[in-house]
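For reference, the structure is listed below as structure tokens.
Nothing in this text is a laboratory measurement; each read-out follows from the coordinates by a stated rule. Keep in mind it's a predicted model, so treat the numbers as computed, not measured. Glycine gets a Cβ as well: all are built from the backbone with ideal geometry, and neighbour counts include every protein chain shown.
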């Protein structure tokens with residue numbers, strides 16, 4: 001079945017450490033997104049990419065980095081510069097450039113806790 | 001700037017009762033509108049979407065929503081809720097001309113009484 005796989009599901013990190021969250025999709029979608037979810041805050045866009053080797057900052061990109069070397073993969077690195085990294089992180093994808101654009105398919109999420 | 005408001009943080013209804021979740025948006029033109037549902041610890045699943053045409057849209061799991069331009073609203077409804085509907089519901093708006101900007105509301109958590 002096609003879908004988005006995020007790993008790990010749960011991750012614990014000590015302060016000052018970088019951590020990378022994996023996101024892989026087999027939907028053949030061109031666009032991929034990373035959102036951060038905090039209780040009562042909805043979803044906030046961190047980074048997005050509409051094509052391989054290109055990505056754009058979202059609303060809260062500071063302290064995060066991404067890469068898009070393959071269409072299927074869009075890993076997110078939470079760096080030590082991110083002041084409040086404890087959150088639930090959601091990866092999503094969509095097609096680009098047609099009436100199906102803007103319809104997001106989400107992964108199951110990764111919960112990061114900084115100790 | 002676009003914005004989405006879900007005025008109710010929590011809503012509690014009895015199983016079998018009807019449900020309406022409110023969503024108001026701020027946007028200059030006709031937006032794309034969505035409702036997503038999220039079970040605890042999971043990702044979001046699309047319930048329904050409105051792009052154009054008939055203002056009453058049907059979705060999965062027996063949900064429907066009505067786009068009212070005059071009220072800038074896109075409320076979600078279900079005539080009879082089931083215990084499995086307990087979840088968090090997010091309204092979202094997208095710019096018709098930009099793929100990247102999808103703005104989410106802060107969500108409404110639905111509790112079901114047996």
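How much of the DSSP beta bridge set in chain A is antiparallel, as a percent to the nearest 5?
Here the antiparallel bridges make up roughly 90 percent for chain A.
Scaled to the compact-protein estimate 2.2 N^0.38 Å, what is the alpha-carbon radius of gyration of chain A, rounded to two decimal places?
Rounded to two decimals, the normalised Rg is 1.00.
Kirkwood hydrodynamic radius of segment B:22-79 from all distinct Cα pairs, in Å?
12.0 Å
What length, rounded to one decimal in nm, is gained on full extension from residue A:13 through to residue A:59, with 0.36 nm per residue of separation minus their alpha-carbon distance?
Using 0.36 nm per residue and subtracting the Cα-Cα distance, I get 14.2 nm.
What does a probe at residue B:2 reach in segment B:22-38, counting residues whose amide N is under 12 Å from the point 7 Å along Cα→Cβ?
Hits in segment B:22-38 for residue B:2 at 12 Å: B:25-34.
Quick one: A:33, A:47, fewest Cβ neighbours within 10 Å first, how do they rank?
Listing A:33, A:47 from fewest to most nearby Cβ atoms yields A:47, A:33.
Whole percent per 5 Å bin, from 0 to the bin with the longest distance: what is P(r) over all C-alpha pairs of the protein assembly as shown?
Per 5 Å bin, starting at 0, the Cα pair percentages come out as 1, 7, 15, 18, 19, 16, 12, 7, 4, 1, 0.
Work the Kirkwood hydrodynamic radius out for chain B: mean of 1/r over every pair of different alpha-carbon atoms, inverted, in Å.
Mean inverse Cα-Cα distance, inverted, gives 14.2 Å.
In what order do A:74, B:104 fall by count of nearby beta-carbon atoms within 10 Å, going from fewest to most?
B:104, A:74
Tell me, what is the percent relative contact order of segment A:1-47, built from C-alpha pairs under 8 Å that lie six or more residues apart?
32 percent
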